[in-house]
Amino acid sequence: MTATVKIMFPRVEAYPSVEAFLGTYRPARPGCLVLEVAMPEMSGLELQRKLIHDKISLPVIFVTAHANVPMAVEAMQLGAVNFLEKPVREHQLWGSIRKALDLDAQCRRRRARRQQVEERLSRLTSGEHAVLDLLLDGKMNKEIATELGLSTRTIEDRRAKLMKKLDASCLAELIQSVLTR
C-alpha cells in the first residue's frame, strides 16, 4: 500500500501596484501580503500603515534588499509577521507564509465569534440586557432583583432566557463569551 501526500500551496497573486491591489482586495478572502519595502507609489511600510489605518487586518511579510534596522523594527512594531532580507531562503519564506496564513485564520475565527456574540446580544430585550449587565458586575439573582425592583423569579426567568439566547450552558461560559467579543 502506498501513501499519497498532497501538498497544498496557497493561491498566489501579483499586483503591478498598490492601487491595483487595494482596488481588488476583498476582506472576506483569506491571505497575507508579501511586500517589498521599496515599491513605486508607496513604500511597503506606508502600505502597512495604510492597512492599519483602514482597519484591514491582513498579515504582512517583508522581503527586501533595502533593509536597515530602524525599518525592520518599525515593520515588526506595526505587526509584520517577518522581515526577511534578500536573498531569502525558500524554507524561511514558506515558514513565514504558513505562520501568516495561520494568524489570518485565527483572526477570522475570532471575528466570526465576536460577530456571532454581537448578533446574539442584539436579540436580548432591554430587561435581559439589564440582568446581563448586573451578572457581569458579579451580582447574584437576589441582588439584581433588589436593584431592578423585580421579583427573584422574574430575574431567574430573564437569566434563563438570556442564557438560552446567548447559547451559554453556565454563567462562566456566558461571561467568557460576552467579555471576549
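Things to note:
- Put a plus charge on the Cβ of each Lys and Arg, a minus charge on the Cβ of each Asp and Glu, and nothing anywhere else: the dipole of the stretch 28-111 about its Cα centre is then about 500 debye.
- This ranking places Ser169, Ser57 by how few other beta-carbon atoms lie within 10 Å of each, fewest first, which gives Ser169, Ser57.
- Taken along its principal axes, the alpha carbon cloud of the chain reaches lengths of 71, 54, 30 Å, longest axis first.
- Among Ile97, Ile52, a tally of other beta-carbon atoms within 10 Å of each Cβ gives an order, fewest to most, of Ile52, Ile97.
- Among the listed pairs Lys50/Lys165; Lys55/Lys86; Lys55/Lys99; Lys142/Lys164, a Cα-Cα separation exceeding 31 Å is found for Lys50/Lys165.
- Which of Ala145, Thr64, Ala75, positive extreme of dipole for the chain (C-beta unit charges): Ala145
- Relative contact order (percent, whole number), the stretch 123-179, Cα cutoff 8 Å, 6+ residue spacing: 34
- About the centre of its Cα atoms, the chain shows a dipole size close to 700 debye [charges on the beta carbon of Lys, Arg (+1) and Asp, Glu (-1) only; nearest 20 debye].
- Only Lys, Arg (+1) and Asp, Glu (-1) charged, at Cβ; the stretch 123-179 dipole about Cα centre in debye: 200
- For the chain, built as a Gaussian network whose Cα springs stay under 10 Å, the top-fluctuating residue of Val73, Val34, Val12: Val12
- Inter-label distance for Gln77 and Gln106, nm, one decimal - labels placed 7 Å from Cα along Cα-to-Cβ: 2.3
- Count Lys and Arg as plus one, Asp and Glu as minus one, and take only other residues whose Cβ is under 13 Å from that of Thr154; the net charge is then +1.
- Using a Gaussian network model of the chain in which every pair of alpha carbons under 10 angstrom is joined by a spring, one finds that among Met71, Met163, Met140 the greatest mean-square fluctuation is at Met140.
Every read-out reported here was derived from the displayed coordinates using simple, explicitly stated rules and does not represent laboratory data. Not measured: the values here are computed from a predicted model. Using ideal geometry, Cβ is built from the backbone for each residue, glycine included, and neighbour counts are taken over all protein chains shown.
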